[in-house]
Amino acid sequence: MERLENRTSLVTGGGQGIGRAIALAFAREGAHVAIADTNAETAARTAGEVAALDRKTLAIRCDVGVAADCARAVEETVAALGGLGILVNAAAWARPGVPLAETDDELFQRTLDVCVGSTFWTMRAAYPHLKASGHGSVINFASNAGTEGMAGNAAYAAGKEAIRGLSRSAAKEWGRDGIRVNMIRPIALSPGLSGWAEENPKLAAAQQAQMALGRFGDCDRDIAPVAVFLASDEARYLTAVTLPADGGAGTER
């Protein structure tokens, strides 16, 4: 029996990178998966891959930085898949390289809306469905940018740390409803990091050399299995946890 057999899930940011890897890993473990992404084409592509694994699926064009879009994504997931038991908030956005003193209000607010706003809005909309499922699991995403600090990316760092406070609070509120809320803090070769590494090979090599495992993670092999574990009954006694799937790069443990 697959670990997530017949469970229903929504993965934001599922069109590429870590989100796509998680969506496919869930499908391989028996889950039905809705994919929400701002890019309708990549969302549809991932949905096609999920369908090829003989799972129910749905591609949702969604700007997670907009509250109404987040609520709609949850509603469409429930209608198409018959419920919602697993919520993965993998969508994120940042514009690195902007010093704090040069960050305008628009950039700051958009970054917070896409990162922590989307996490809050989807969780709020999903709550009754997660509770009704009897095995609710929320997986949110932290970042070393938040725990370690990151020059030139203060808005993103702030948003990612806010997600941790939100997640811990929800875990305390929702535990009696049978809903677990956990976080992954990954470093992986998503399209964004891959592009940066190609443009800055010396910096990328130096960063990898400082990591305990000496390499960036793989979305499919290193990060997605952590999400499967957190969503499954194997993690039934874990909540409010941040798992650092970062190859030993961060100092916080």
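Percent of Cα-Cα pairs per 5 Å bin, from 0 to the last occupied bin, for segment 194-244, please list those.
Cα pair-distance distribution for segment 194-244, in percent: 4, 17, 19, 18, 15, 12, 9, 5, 1.
Under a 5 Å amide H to amide H cut-off, with H placed in plane at 1.01 Å, what residues pair with M183 once short-range neighbours are removed?
Residues meeting the amide H criterion: N140, V241, T242, L243.
Each residue of segment 174-191 in order: what ³J(HN,Hα) in whole Hz does its phi give by Karplus 6.51 cos²θ - 1.76 cosθ + 1.60, θ = phi - 60°, with x for Gly and Pro?
9, x, 6, 8, x, 10, 9, 10, 10, 10, 10, 10, x, 10, 8, 7, 6, x
So, with +1 on the Cβ of K and R and -1 on the Cβ of D and E, and no other charges, what is the size of the charge dipole of segment 96-223 about its Cα centre, to the nearest 20 debye?
Roughly 700 debye for segment 96-223.
Roughly what would the spin-label model give for R72 and R95, points 7 Å off Cα along C-beta, in nm?
Distance between the two pseudo-spin positions: 2.4 nm.
Rounded to a whole number of µm²/s, how large is the Stokes-Einstein D of segment 110-195 at 37 °C and 0.692 mPa s, given Rh as the Kirkwood radius over C-alpha pairs?
Numbers: Rh = 13.7 Å.
For the chosen part, D equals 240 µm²/s.
Expressed as an acute angle from 0 to 90° and rounded to the nearest 10, what is the orientation of the C-alpha long axis of helix 67-81 relative to the principal long axis of the chain?
That works out to roughly 40 degrees.
Can you work out the FRET efficiency for the pair S194 and A79, with r the C-beta to C-beta distance and R0 = 45 Å, to the nearest 0.05?
0.80
With Cα extents along the principal axes in Å defined as stated, name the option among (i) 50, 40, 37; (ii) 55, 40, 34; (iii) 47, 37, 36 computed from the structure displayed.
Answer by label: (iii).
Under a straight-distance cross-link criterion of Cα-Cα below 26 Å, which lysines are reachable from K56, leaving out those fewer than 8 residues away in the same chain?
List returned: K131.
Within a Cβ distance under 12 Å of L107, other residues only, what is the Lys/Arg minus Asp/Glu net charge?
Neighbourhood net charge equals -3.
Where the only charges are on Cβ atoms (+1 Lys, Arg; -1 Asp, Glu), what is the dipole of the chain about its Cα centre, to the nearest 20 debye? Could you put the intermediate results ahead of the total?
Details: 25 positive and 29 negative charges, 132 e Å.
Result for the chain is approximately 640 debye, rounded to the nearest 20.
On a full-extension model of 0.36 nm per residue, what is the gain between K131 and A240, subtracting their alpha-carbon distance, rounded to one decimal in nm? Intermediate results must be reported in sequence, preceding the final value.
Working: separation 109, 0.36 × 109 = 39.24 nm, distance 1.68 nm.
Full-extension gain reported as 37.6 nm.
From the phi angles alone, apply the Karplus equation (6.51, -1.76, 1.60; θ = phi - 60°) to segment 17-22 and give each ³J(HN,Hα) in whole Hz, x where the residue is Gly or Pro.
x, 4, x, 4, 4, 5
Where a number appears in this text, it was derived from the coordinates with a stated rule and is not lab data. All values derive from a computational prediction rather than experimental measurement. We place every Cβ from the backbone using ideal geometry, glycine too, and count neighbours over all the protein chains shown.
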